[in-house]
Amino acid sequence: MIFSLIYQSIIIIVLLTFSFGPSFFSLINYSIKKGFRPASMLAFGVVGSDFFVCLFNIFLVHYGFTEWLNDTKNQRFAGILAGVILILFGAFYFKKEAPSSADENGEDALIKNETHPALLIVKGFILNLFNPAVWFLWLGNVTIISNFFNHSLTKTLLYFSIINGIVLIVELYKIYLGNKIKKVLKPQLIHIINILTGSTLIAFGIYLIYNYYFEKI
């Protein structure tokens, strides 16, 4: 049975850290464009959001209120709102200019444009929080693990606290690797990555609006 738990833990960590969602592309983009510290602040926001959603689902499952998440109207509202937010985030990336060649590897421009750490944490939190896929991912994982621990609230909380801690470590390592890649990238290529990230977020937003509005009318 312990092997089943280990297997499930690996699946959860892989899904959270390597699923190609909005937060994944934003973290990679920040690690390449702005460096380790700003990107790590974004990661803290993303993982903090994961932990919040996880806790919320733990209590929903424990007290039998999962119908709230399965309600069609709630899903539709959350999906459309998430789509609008992702489109706004994506559009923001198109406003950023490529660093000039006069700056060494664009470092001066990147430092000047560095966002306040607290705002980055909030951005990461919101970006991940309003992704409906995150909620359903956690609902499924929490349900499975809760059953494994015979619905023990204490054991479930402890387990997911450890899981989120591991996820944060993996996210920070991804950012570290992205920051290393930045050193060999030219400013023009960084600008292209910026545009691709913005386009990806907008595409996710349009998909969510279409999926939760047009297909659920």
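The values are calculated or read from the model by the stated rules, or taken from the named source; none is laboratory data. Model, not experiment: these values are computed from the prediction. Note that we place each Cβ from the backbone using ideal geometry, even for glycine, and neighbour counts take in every protein chain shown.
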| Do the conditions hold for S4, that is, is it modelled with pLDDT under 80, of a type in the set (S, T, N, Q) and over 16 Å from V170 (Cα atoms)? | yes
| request: Might you check whether a residue that is surrounded by fewer than 16 Cβ atoms within 10 Å (Cβ to Cβ) and modelled with pLDDT under 65 occurs anywhere in segment 15-33? | output: yes
| note | Of the candidates A78, A91, the one satisfying the condition of being outside any loop (DSSP other than H, G, I, E, B), within 21 Å of the chain's Cα centre (by Cα) and modelled with pLDDT of 70 or more is A91
| query | How many residues are modelled with pLDDT of 75 or more and either of a type in the set (S, T, Y) or touching a Leu at 6+ places or on another chain (Cβ under 6 Å) (or both) when one looks only at segment 176-200? | reply | 3
